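Trainee: Here's a structure for you.
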Amino acid sequence: MARFPYTTLRIFQQGAQAVVQPAPDGNVSAVETLVVDLANGKSTVTPSQSVMRGTPTVECLGLLGVCKLTTGAAALVVITEARQVAALGPNSSAVYELVRAQVLTEPGAEKNSANRQLLSLLRDAVDPARSGRGIYFSHFYDLTQSAQRIADRDADPAAAAAPLASPQRADSRFWYNRALSASLLDAGAHRFTPPAMLGFLRQLPGLTFAGGKSATLTLIARRGVDRAGTRQWRRGCDSKGNVANFVETEELLSTPAGDLASYVQVRGSIPLLWTQLPNIKYKPTTVIAAPGQSVAVFDAHMGSLKAAYGDVVAINLINHKGTEGKLQVAFQTEAERYTRTPGAGLHYIAFDFHHECSKGRYDRIELLMQKIAPDVNRQAFFLRRAGGEVVKRQAGTVRTNCIDCLDRTNVMQGVLGRKALEAMLAALGLMPAGGPGPAHSLPAAFPAVEKEFKILWADHGDGVSTQYAGTGAMKSGFTRTGKRTFGGVIDDGVKAVTRYYLNNFQDGRKQDAVDLVSGAYQVVPGSKLPLRPQPSPLIPIVLALVLVAFGAHQAGQFLAGGLAQVSVGVADAAAGGVEAAATSQSQQLVVVLTRAVLPLLLGLGLLAFVVQNGKHLVNKPLLCPHLAVTVQAAKKSGKGGKQQ
């Protein structure tokens, strides 16, 4: 039988020693005990130790893990508060969203400045109000696995008996505290650390369908741990084929009788070597690897998708003109090469979303749905009956991307999710009798459920978008209401400006926090930490704008008073002659130059300087800067990239 994590832990900190025990059950006198030495990070598990009495330092729901510090000390990250958001699995296991985490250190650990910087990043990474938004966990249900993968694993007695927090059960691609929990697992503390997932999870229980039957709809988004990060600092593929903003979304439909259906689709950055580093400009320069340079990473990415899901339908929604058009050509070139291989299992479709759906014609997405319908129907979905019999399996997945894999992708995935839900409802006998047709679509048959479905998918898009880009998704108004409105356009504009600010002036630090907690950066005790103060362009930008505004204001005043000055000049000429009038006009010209023209020139010059040197002034990640510049790294090994 699998060893599940303890649901409640008590931590007694005694100097540098953190003694962790499960909350005693009844009158037991001895329990499994974990001791973490915060002075050196060493963890020890004792199978049976006397229950400690008294008031614990901290009571928690589990440990996220241990993070090394530069002095050799360690920090223990504990889950102190969470809220239940769902119940999943045959036993309705509780699923929680992290609300508050606490970081424990030995006394005096923060006296060291490098430790202080790391602890600040660590707290940021597990703070739901900052970089740690959307961390979920369960003590009895593996959130890192889809329903189909869980069924496959449970069919293997060895895997089914393994601890929940172990590579035999958890999917390492979505195991967010994989790196943090490693030392605890090495010590055998599997029951102290539940596997956590970063992403989105919401559940709609008690939805009513045909014949008054009820079902529960759950939507889960699992964010990939490898190449995790922020919008501009993580683009494209790494050398192993991991793509930025990789998210697996699973739609689960379950009935009170125990039937379960599941549909899985994925998104991820364009699987090539390309970058788009912030440089103050609204649209940063895109650098694409030279032809042929992305072959290995493209093949590795597609190979990993096929191994995990089966055949792949890759939908590329980016523009076919401009910089995006060049990326589209590069993606299509690799896809066509790949599909020439026997058994490639890839169907690539390019659909220029902005062109096809311009002027609010989102109904034209149906043209794309018609193209992929044969593949989607063949891939099907997972279906398990109440007795445990698997009667249908999903044999492939749809991979969707746009440039950010956020806004256009959310719209497309929502449409595909509705089609999948309709198919699952029909299979479970929850659709009205009479077969497929417009009258048997979700909006027509169950308008109340359709409304909840839209809100659910809009919240899903906003959650995934906020983690990667810092704001909710654009076009979420359409996903939420089914209509493209003027208010939605204004909302998109506000989000665009907010993203620009965050991506240029704050995301470097956020990327460092993600790199630390995900294990992309490994702390080596005694080594120099690559963190340093960074120059901010905000001061010169604000100064430049003030100068421009002041100069423009002065120029406006001069122009507004121009007629009056002309009248004065005429009067001066009549009273004192031409020489006096010329002197007066010269004085006025000097005033205009000093009060209006000079500030304007200084302000515009300062703005030009900032834009010219923008790449040196943005807030950059400092722990793993090399992970953002995959194309430049490739250039050093041979062929170069091209700028767009």
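Trainee: Under 7 Å between Cβ atoms, which residue pairs at least 6 apart in sequence (or on different chains) link something in the stretch 191-215 that is in contact (Cβ under 8 Å) with a residue 12 or more places away in the chain and under 30 Å from Thr44 (Cα atoms) with a partner that is of a type in the set (Lys, Arg) and open to solvent by 10 Å² or more (accessible area, probe 1.4 Å)?
Mentor: Arg191/Arg3; Leu198/Arg223
Trainee: Looking for something surrounded by 21 or more Cβ atoms within 10 Å (Cβ to Cβ), among the hydrophobic types (A, V, I, L, M, F, W, C) and not in a strand (DSSP E or B) - is there at least one such residue anywhere in the stretch 242-261?
Mentor: yes
Trainee: Suppose the filter is surrounded by 18 or more Cβ atoms within 10 Å (Cβ to Cβ), within 30 Å of Arg385 (Cα to Cα) and hydroxyl-bearing (Ser, Thr, Tyr); does Tyr176 pass it?
Mentor: Spelling it out, it is not the case that Tyr176 is surrounded by 18 or more Cβ atoms within 10 Å (Cβ to Cβ), within 30 Å of Arg385 (Cα to Cα) and hydroxyl-bearing (Ser, Thr, Tyr).
Trainee: Given the criterion farther than 26 Å from Val497 by Cβ, aliphatic (A, V, I, L, M) and assigned by the TED database to the domain that holds Thr409, identify the matching residue among Val297, Val287.
Mentor: Among Val297, Val287, only Val297 is farther than 26 Å from Val497 by Cβ, aliphatic (A, V, I, L, M) and assigned by the TED database to the domain that holds Thr409.
Trainee: Within the group Gly72, Gly54, which residue is in the same structural domain as Thr8 (by the TED database), at pLDDT below 95 and surrounded by fewer than 21 Cβ atoms within 10 Å (Cβ to Cβ)?
Mentor: Exactly one of Gly72, Gly54 is in the same structural domain as Thr8 (by the TED database), at pLDDT below 95 and surrounded by fewer than 21 Cβ atoms within 10 Å (Cβ to Cβ), namely Gly54.
Trainee: Can you find, within the stretch 364-403, the residue that is most open to solvent (accessible area, probe 1.4 Å) among those that are among the β-branched types (Val, Ile, Thr) and out of contact with any strand residue (DSSP E or B) (no Cβ under 8 Å at 6 or more places or on another chain)?
Mentor: Ile403
Trainee: For the stretch 16-36, enumerate the residues that are open to solvent by 40 Å² or more (accessible area, probe 1.4 Å) and not acidic (Asp, Glu).
Mentor: Result: Gln17, Ala23, Pro24, Gly26, Asn27, Val28, Ser29, Ala30.
Trainee: Condition first: under 30 Å from Val225 (Cβ atoms), assigned to a helix (DSSP H, G or I) and open to solvent by less than 20 Å² (accessible area, probe 1.4 Å). Now tell me which residues in the stretch 510-562 satisfy that.
Mentor: Gln511, Asp512, Ala513, Val514, Asp515, Leu516, Val517, Ser518 - these are the residues of the stretch 510-562 that are under 30 Å from Val225 (Cβ atoms), assigned to a helix (DSSP H, G or I) and open to solvent by less than 20 Å² (accessible area, probe 1.4 Å).
Trainee: Kindly indicate the residue of the stretch 103-140 that is under 21 Å from Val247 (Cα atoms) and open to solvent by less than 10 Å² (accessible area, probe 1.4 Å) and also farthest from the chain's Cα centre (by Cα) among those meeting that condition.
Mentor: Among those that are under 21 Å from Val247 (Cα atoms) and open to solvent by less than 10 Å² (accessible area, probe 1.4 Å), it is Ser138.
Trainee: Right, another one. Just to verify a result, which residue in the stretch 476-491, among those that are in contact (Cβ under 8 Å) with a residue 40 or more places away in the chain and in a helix (DSSP H, G or I), is farthest from Ser465 (Cα to Cα)?
Mentor: This residue is Phe478.
Trainee: Now a separate question. Pairs needed: first member in the stretch 107-123, under 13 Å from Gly526 (Cα atoms); second member anywhere, polar (S, T, N, Q) and open to solvent by 60 Å² or more (accessible area, probe 1.4 Å); C-beta distance under 8 Å; at least 6 residues apart or different chains.
Mentor: Asn112/Thr71; Ala114/Thr71; Asn115/Thr71
Trainee: Out of curiosity, is Glu81 within 25 Å of Ala513 (Cα to Cα) and surrounded by fewer than 22 Cβ atoms within 10 Å (Cβ to Cβ)?
Mentor: So Glu81 fits the description; yes.
Trainee: Out of curiosity, is Lys326 loosely packed, with under 14 Cβ neighbours inside 10 Å and at pLDDT 95 or above?
Mentor: no
Trainee: Which number in (1) over 17 Å from Leu143 (Cα atoms); (2) hydroxyl-bearing (Ser, Thr, Tyr); (3) buried (at least 16 other Cβ atoms within 10 Å of the Cβ) marks the one condition that Tyr96 misses?
Mentor: (1)
Trainee: So which residues in the stretch 66-106 are among the small types (Gly, Ala, Ser) and in contact (Cβ under 8 Å) with a residue 24 or more places away in the chain?
Mentor: Listed by number, the residues that qualify are Gly72, Ala73, Ala74, Ala75, Ala82, Ala86, Ala87, Gly89, Ser93, Ala94, Ala101.
Trainee: State whether the residues of the stretch 450-470 include one that is open to solvent by less than 60 Å² (accessible area, probe 1.4 Å), in a loop (DSSP other than H, G, I, E, B) and touching a residue at least 40 places away in the same chain (Cβ under 8 Å).
Mentor: yes
Trainee: Moving to a separate point now. Quickly run through the stretch 492-509 and pick out the residues that are under 21 Å from Arg227 (Cβ atoms), of a type in the set (S, T, N, Q) and either open to solvent by 30 Å² or more (accessible area, probe 1.4 Å) or modelled with pLDDT of 95 or more (or both).
Mentor: Matches in the stretch 492-509: Gln506 only.
Trainee: For the stretch 210-231, name all the residues that are more than 13 Å from the chain's Cα centre (by Cα) and either open to solvent by 10 Å² or more (accessible area, probe 1.4 Å) or modelled with pLDDT under 95 (or both).
Mentor: Ala210, Gly211, Gly212, Lys213, Ser214, Thr216 - these are the residues of the stretch 210-231 that are more than 13 Å from the chain's Cα centre (by Cα) and either open to solvent by 10 Å² or more (accessible area, probe 1.4 Å) or modelled with pLDDT under 95 (or both).
Trainee: Looking only at strands (runs of 3 or more DSSP E) that lie completely in the stretch 1-94, which have at least 3 residues being under 30 Å from Val524 (Cα atoms) and more than 28 Å from the chain's Cα centre (by Cα)?
Mentor: Filter on the stretch 1-94 gives 9-14, 17-22, 30-37, 43-50.
Trainee: Moving to a separate point now. State all residues of the stretch 484-542 that are farther than 30 Å from Gly605 by Cα and acidic (Asp, Glu); if no residue qualifies, say none.
Mentor: Across the stretch 484-542, the qualifying residues are Asp491, Asp492, Asp512, Asp515.
Trainee: Same structure again: Note down all Cβ pairs under 6 Å where the first residue falls in the stretch 350-378 and is part of a helix (DSSP H, G or I), the second is of a type in the set (Asp, Glu), and they're at least six residues apart or on different chains.
Mentor: As it stands, the answer is Arg364/Glu356, since those pairs meet every condition given.
Trainee: Being more than 28 Å from the chain's Cα centre (by Cα), part of a loop (DSSP other than H, G, I, E, B) and among the acidic types (Asp, Glu) is the filter here, so list the residues in the stretch 141-189 that pass it.
Mentor: Asp156
Trainee: With Glu97, Glu106, Glu59 as the choices, which residue is of a type in the set (Asp, Glu) and over 21 Å from Ala196 (Cβ atoms)?
Mentor: The unique qualifying residue is Glu106.
The values are calculated or read from the model by the stated rules, or taken from the named source; none is laboratory data. Just so it is clear, the structure is predicted and the values come from calculations on it, not from any experiment. Here the Cβ is made from the backbone with ideal geometry for all residues, glycine too, and neighbour counts use every protein chain on show. Side chains are part of the model used for accessible areas, which takes the heavy atoms of the whole protein and leaves out ligands, DNA and RNA. Shrake-Rupley method; radii C 1.70, N 1.55, O 1.52, S 1.80 Å.
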